[in-house]
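Working notes, beginning with the structure itself.
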Amino acid sequence: MKKLISAALILTMVLALAACGSSKGGSDTGTATKGVLVMATNAEFPPYEYHEGDKIVGIDAEIAAAIAEKMGCELKIEDIAFDSIIPEVSSGKADIGLAGMTVTEDRKQSVDFSDSYASSSQVVIVTETSGISSLSDLDANSVIGVQTGTTGDIYCSDEFANIERYNKGMEAVQALSQGKIDAVVIDSEPAKVFVAETSGLKILDESYTDEQYAAAIRKGNTALLENVNKALSELKSDGTLDKIVAKYITAN
Ligand code: ARG
């Protein structure tokens with residue numbers, strides 16, 4: 001009997017390790033029984049991921065924790081440059097990229113995406129006294145600030161001539177408030193947070209694009225993809241996802 005139990009235990013451990021995607025994880029965290037789900041993110045993106053003291057919090061951090069819990073894995077969050085997330089995931093250094101990341105056809109060449117867990121849009125931030133009052137006021141002379149490698153960067157680089165790239169969205173917003181650039185194109189929820197934290201800025205009514213956020217997973221890792229989608233669908237139907245979002249985004 002004892003033998004049977006320990007065999008079952010070992011099997012569970014092996015399955016947990018395999019299910020978490022990261023076989024290297026267990027030992028370096030000192031947890032022999034739990035596999036580790038390594039999440040790559042860029043924690044400069046409130047309310048989805050940001051630093052609070054020495055912790056990384058936000059909607060994505062909590063969704064990932066809930067997914068990891070359902071999978072019986074321990075979550076480990078790695079905070080890296082936004083444009084390093086896809087390379088980390090596709091090379092297998094991270095299991096999952098969760099970073100308010102927009103699903104695009106281009107990115108689908110490098111990674112697979114889970115089902116979407118949020119909708120978003122790119123919006124334009126300008127100063128309250130700006131001559132730019134609608135999207136059509138943006139032209140070849142407008143200096144537009146973006147976070148490097150984001151969809152704001154990709155789409156604006158296609159359409160406009162003067163793009164300033166920053167490591168963090170907030171740095172672009174600061175440059176705008178110092179009069180160094182004319183506009184910032186960034187996701188709507190972080191835009192609201194940054195504008196609330198900085199005086200003299202506003203968000204144009206008209207949005208630039210509509211997008212869907214999803215988790216990035218290494219191409220061909222269908223086991224993990226299925227586990228993440230299963231967890232997401234449970235979190236959606238049992239109201240957990242809504243609860244997490246409501247904690248960070250107050251309905252306006
Ligand atoms: N949604 C945009 C994109 O996918 C921006 C995401 C930026 N996320 C972050 N954690 N900095 O490109």
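Side notes on the structure shown:
- Among the residues here, Ser237 qualifies as without any contact (Cβ under 8 Å) to a residue 40 or more places away in the chain and within 22 Å of Val103 (Cβ to Cβ).
- Members of region 152-181 that are basic (Lys, Arg) and more than 12 Å from the ligand (Cβ to nearest atom): Arg165, Lys180
- Residues within region 206-225 that are part of a loop (DSSP other than H, G, I, E, B) and within 16 Å of the ligand (Cβ to nearest atom), tallied: 4
- Taken as a whole, region 232-250 holds at least one residue that is of a type in the set (Val, Ile, Thr) and either loosely packed, with under 14 Cβ neighbours inside 10 Å or not in a helix (DSSP H, G or I) (or both).
- Test: residue in region 129-142 that is within 12 Å of the ligand (Cβ to nearest atom), touching a Phe, Trp or Tyr at 6+ places or on another chain (Cβ under 7 Å) and outside any loop (DSSP other than H, G, I, E, B): no
- For region 157-175, the count of residues that are surrounded by 15 or more Cβ atoms within 10 Å (Cβ to Cβ), small (Gly, Ala, Ser), farther than 25 Å from Met39 by Cβ and out of contact with any Phe, Trp or Tyr (no Cβ under 8 Å at 6 or more places or on another chain) is zero.
- Within region 182-205, considering residues that are more than 13 Å from Ser130 (Cβ to Cβ) and either at pLDDT below 95 or assigned to a strand (DSSP E or B) (or both), the one nearest to the ligand (Cβ to nearest atom): Asp187
- Val195 vs. criteria within 18 Å of the chain's Cα centre (by Cα) and not aromatic (Phe, Trp, Tyr): no
- Of the residues Phe194, Phe160, the single one that is free of Cβ contacts under 8 Å to residues at least 24 places away in the same chain and of a type in the set (Phe, Trp, Tyr) is Phe160.
- Within region 64-87, the set of residues being buried (at least 20 other Cβ atoms within 10 Å of the Cβ), closer than 8 Å to Ala40 by Cβ and not hydrophobic (A, V, I, L, M, F, W, C) is empty.
- Scanning region 111-127 for residues that are part of a loop (DSSP other than H, G, I, E, B), surrounded by fewer than 21 Cβ atoms within 10 Å (Cβ to Cβ) and within 13 Å of the ligand (Cβ to nearest atom) yields one hit, Ser116.
The values are calculated or read from the model by the stated rules, or taken from the named source; none is laboratory data. Everything quoted here is computed from the prediction, not taken from an experiment. Don't worry about glycine lacking a Cβ; one is built from the backbone with ideal geometry, like all the others, and counts go over all protein chains shown.
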